[in-house]
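K.L.:
Below are the structure tokens for one structure; questions will follow.
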Amino acid sequence: MIAGVGVDLVALGAFAAQLADPASRFVETAFTEAERDDAAQFGDRVSHLAARYAAKEAFIKAWSGGRRGLEPALGHVALQEIEVVRDDWGRPALRLHGATRSAFERDGPARIHCSLSHDGPNAVAFVIVERG
């Protein structure tokens, strides 16, 4: 049963400016080392990271939507605890870590479905949380 749905859109121009800001530690706080290494392999690092950022935000929306009527499971979700991974064929999935994983699992068994895309000036992600 679908428990929650989330979508997020990232404007690549604004996202690129945030990545380029030398005073910002955004990349280090939002992405795991593996995600940063993965992005370095692609010619378009900005689009790659933007789609992953959108996936993290879309997951939070889907998780939150699945808890409608309940208090938030966490006061703060650390974005590094939501990791976008790829299988051997490049298909994306989400792996949760730390307090985020523990809080998410308290609601019972679940599957997380994730789709990413980037084209033109935007990147988008769509996440479904399925329970039961």
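K.L.:
Testing the spin-label approximation: label points 7 Å from Cα along Cα→Cβ at ASP21 and SER117. State their distance in nm.
P.N.:
2.9 nm
K.L.:
What is the order of LYS61, LYS56, fewest Cβ neighbours within 10 Å to most?
P.N.:
Ascending number of Cβ neighbours within 10 Å: LYS61, LYS56.
K.L.:
Then there's this: Quick one: plug the Kirkwood hydrodynamic radius of the chain (C-alpha pairs) into Stokes-Einstein at 20 °C, 1.002 mPa s, and report D in µm²/s.
P.N.:
Translational diffusion coefficient: 142 µm²/s.
K.L.:
Here's something else I'd like to know. Which value, in debye to the nearest 20, gives the size of the charge dipole of segment 16-127 about its Cα centre, when Lys and Arg are +1 and Asp and Glu are -1 at the Cβ?
P.N.:
Dipole of segment 16-127, to the nearest 20 debye: 380 debye.
Read the figures in this text as sums done on the coordinates, not as results from a lab. Predicted model, so just to flag it, every value in this text is computed and none were measured. A quick note on method: Cβ atoms are made from the backbone with ideal geometry, for glycine too, and the neighbour counts reach across all protein chains shown.
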